[in-house]
Amino acid sequence: MQALWMVLGAFFFSTMSVAVKYASAWFGAAELVFYRGVVSILLLWLLARAQGISVATRYPGMHAWRSLVGVTSLGAWFYAIGHLPLATAVTLNYMSSVWIAAFFVGGALLAWRPASAGARPPLQAPLVATVLAGFAGVVLMLRPTLAPNQMYPALIGLLSGLFAAFAYMQVVALSRIGEPETRTVFYFAVGSAVAGGAAASVEGFSPWDWHGAVWLVPVGLFASLGQLCMTRAYATARTQRGTLVVANLQYSGIVFAAAYGALLFGDTLPLAGWLGMGLVIGSGVAATILRGRAAADAPAEEH
């Protein structure tokens, strides 16, 4: 059942990206982050009340950092969605697993000392290969498939995946200290509304247009539904194998986005673009599996 929850969550996030792409014709990325936050605050506050969960927290600093990196990722992703083919923007955001693998590799390289007399940590060659394959996929997707004026949005989309990795690690840290997921997502919605509103105030809000405004509610609604489904998927995955299956099924969102892009926006990608997308998906799946094995092999006190 947890697999179905994850596929459903990926579907909701992909559907949210469609609403973002349509709304981008009327609103900037900062405004979309703001409106997404406002809608999600209402939905998550009602959910917290229904679950009997207080939104008060003893860890405001951790939530602030999670909101900072999460909102940065979200704003960058929304910007990329508005300027790139839908499947390309979604794939760049899903590079977060590869970025996390890159962090592990970087940490191992920093700790590795060729002249050290003591035991040295392994260089984790499979993870290195995974990271290189992921970035090779990005190169394949971007260089032959995008117009020159799309390279800047592509770099912003790549950064969205980087900051999504930071946000994911902070969510893990919050869950380990016992923060309910509903509360964590609620404060992220608050951060989205505050940061998005502040940035939009500096840039200037767009003139209100009901033709574009009708897409704002689906942005917040499908974002909240996606987060809740993914949370349920991880909560019901009670074994390591189940968790790995759930984590890898998130990449079904790229398939949904590709279908939406072709059917609704007429997006087309050459063979190199599809090969690059496949490399990113494959490297993300491999990185998740390798990290899961590393966690299983770690000493008990490290968990």
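Readers should treat all values here as calculations from the given coordinates under stated rules, not as data from a laboratory. Remember, predicted model here, so these are calculated numbers, not experimental data. Backbone-built Cβ (ideal geometry, glycine too); neighbour counts: all protein chains shown.
Observations on the structure shown:
- Estimated Rh, the range 25-97: Kirkwood, alpha-carbon pairs, angstrom: 14.2
- The range 178-215 versus the range 74-102: alpha-carbon centroid distance in Å: 19
- Label sites at F265 and V245, each approximated as a point 7 angstrom past Cα along Cα to Cβ, lie 3.2 nm apart.
- Sorted peptide list for 92-105, 196-209, criterion being average Cβ within 10 angstrom, highest first: 92-105, 196-209
- Taking a point 7 Å from the Cα of E203 along the Cα-to-Cβ direction, the residues of the range 71-93 with backbone N closer than 16 Å to it are 71-84.
- The chain: calculated mean residue ellipticity at 222 nm from DSSP helix runs of at least 4, using -39500 (n - 2.57): -26500 deg cm²/dmol
- When restricted to Cα atoms, the chain yields an Rg and a Dmax of 19.4, 69 Å, respectively.
- Put simply, the amide H of G28, placed in the peptide plane, has neighbours under 5 Å in S206, leaving out anything fewer than 5 places away on its chain.
- Kyte-Doolittle mean at least 0.0 and Cα axial length at least 18 Å: DSSP H helices in the chain: 2-23, 29-51, 60-83, 96-111, 125-142, 151-176, 181-203, 216-236, 252-265, 271-297
- Simple label model, 7 Å out from Cα along Cβ direction - L42 to Y152, nm: 3.5
- Each peptide in 12-18, 131-137 was scored by the mean count of other Cβ atoms within 10 Å over its residues; highest first, the order is 12-18, 131-137.
- Modelled label positions at L275 and A3, each set 7 Å beyond Cα in the direction of Cβ, lie 3.0 nm from each other.
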